[in-house]
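Here is the structure we will look at.
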Amino acid sequence: MSELNRPSWSTLIPLASFFLAIAAVAIVYFSAGGDPLYRLKIVVGYVILIILFFFGLMVLIAMASGKIDLSLILAEAGGGASISRFQLLLFTIVIAFSLFLMIVSSNPMKFPDIPTGILTLLGISASTYAVSKGIQASNPGLAKKGTEQTTTTVTDPATGHTQVTTTSKPSGQAPTQ
Amino acid sequence: MAGGNLSSTVDFDMLLLTRLTFLAVSFLTLGFAAVVLLQIVMGRISLEGLLDTKDDRGRMSFSPARLQLLIFTVAVAGRYLHAVFVNPGQGSLPSLPVSVIAALGGSHAVYLGGKAFTSFIQPLLKNLE
């Protein structure tokens, strides 16, 4: 099979999720007990679970492979890492994971109460990020020495296809690709 | 008897769906955190300059305000995760003491104050010289 015809994971995963969903519907229909409405509930539950899981898996694989670029997730304007972004990322992951852990640990499963202190924590973190961004925007000279990015747009006159290339270089050096 | 068997089958179906949902969401949540952490360790997400700031002469220098904010952030996050793991079955997320929130607010105020000073006050003082 040539490179062009070889199916990529972005094609295989949706196909796999579709066939799994069909299989789940068939299995649940023939094996699950209870009235038809209950079986419908179970079938819908499995189909939603399979579709959402494989969608999430596609996004996760794209992040891991670099197709979704996360390299600038902590970057400030002008380069360098932002402490406020780092803090917001850390608190978001911690609280999301804590929330999930508490939901599945409760019996029966229910959404836990969120104390005001946690909302205040996230509010302070997000506000600091926003104010920090505002200070930087009002004073471009504050941009740290670090990686500078140059975006080049090239349009092919024959096809009209536009290609955007972003190059990075440390300040004061020639760009590398 | 038949009713009992039907009831146990129904409970099993729901339980299986619940368990699979838990596994799926756990995998995706931990996967996202792992991808971000791995990329930080590998250097694809750069932490260069995390503790640096620019002075009025444009030179990069170490920032104590950023260091204290980092230490405070890691300490609060670690303490919070510990509180959740110790008792995950409680009815609400663990609350933070008011003193911790006040300290966090103070930490942020110091960080933003330093940033605003470097951005607005220092250039003004430089112009007055």
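The values are calculated or read from the model by the stated rules, or taken from the named source; none is laboratory data. Quick caveat, the model's predicted, so the values are computed rather than measured. So basically every Cβ, Gly included, is an ideal-geometry build from the backbone, and we count neighbours across all protein chains shown.
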Would you mind telling me which numbered condition in (1) outside any helix (DSSP H, G or I); (2) modelled with pLDDT of 85 or more; (3) of a type in the set (A, V, I, L, M, F, W, C); (4) more than 21 Å from B:I45 (Cα to Cα) A:I68 fails? (4)
Against the condition more than 30 Å from A:P108 (Cα to Cα) and either in the same structural domain as B:D52 (by TED's automatic domain parsing) or touching a residue at least 12 places away in the same chain (Cβ under 8 Å) (or both), how does B:P97 come out, does it pass? no
Inspect the range A:112-127 for any residue being out of contact with any Phe, Trp or Tyr (no Cβ under 6 Å at 6 or more places or on another chain), modelled with pLDDT under 85 and in a helix (DSSP H, G or I) and give the result as yes or no. no
If I filter the range A:72-91 for residues that are among the charged types (D, E, K, R), at pLDDT 85 or above and surrounded by 13 or more Cβ atoms within 10 Å (Cβ to Cβ), do I get at least one hit? yes
Which one of these does A:I61 not meet: (1) touching a residue at least 24 places away in the same chain (Cβ under 8 Å); (2) at positive phi? (2)
What pairs come up if the first residue lies in the range B:3-23 and is over 17 Å from A:V104 (Cα atoms), the second is surrounded by fewer than 16 Cβ atoms within 10 Å (Cβ to Cβ) and modelled with pLDDT of 75 or more, and their beta carbons are under 7 Å apart, counting only those six or more places apart or on different chains? B:V10/A:Y38
Among the residues of the range B:74-95, are any facing chain A (nearest Cβ under 10 Å), modelled with pLDDT of 85 or more and closer than 23 Å to A:I135 by Cα? no
What is the number of the single condition among (1) within 7 Å of chain B (Cβ to nearest Cβ); (2) in contact with a helix residue (DSSP H, G or I) (Cβ under 9 Å, 6 or more places away or on another chain); (3) without any contact (Cβ under 8 Å) to a residue 40 or more places away in the chain; (4) more than 26 Å from B:L15 (Cα to Cα) that A:Q87 does not meet? (3)
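In the set B:L28, B:L23, which member is touching a Gly at 6+ places or on another chain (Cβ under 7 Å) and not aromatic (F, W, Y)? Spell out how you get there, then give the answer.
On the way: B:L23 fails: touching a Gly at 6+ places or on another chain (Cβ under 7 Å).
When all the criteria are applied, what remains is B:L28.
Does B:P123 meet the test of being within 10 Å of another protein chain (Cβ to nearest Cβ) and closer than 25 Å to B:K54 by Cβ? Let's see the steps before the verdict.
Details: within 10 Å of another protein chain (Cβ to nearest Cβ): yes; closer than 25 Å to B:K54 by Cβ: yes.
Taking the combined requirement at face value, the residue satisfies it.
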Read through the list (1) over 28 Å from B:V35 (Cα atoms); (2) surrounded by fewer than 16 Cβ atoms within 10 Å (Cβ to Cβ); (3) without any contact (Cβ under 8 Å) to a residue 40 or more places away in the chain, then give the number of the only condition that B:L112 fails. (2)
Yes or no: A:S132 in contact with a helix residue (DSSP H, G or I) (Cβ under 7 Å, 6 or more places away or on another chain), more than 7 Å from every other protein chain (Cβ to nearest Cβ), polar (S, T, N, Q) and within 21 Å of B:T73 (Cα to Cα)? no
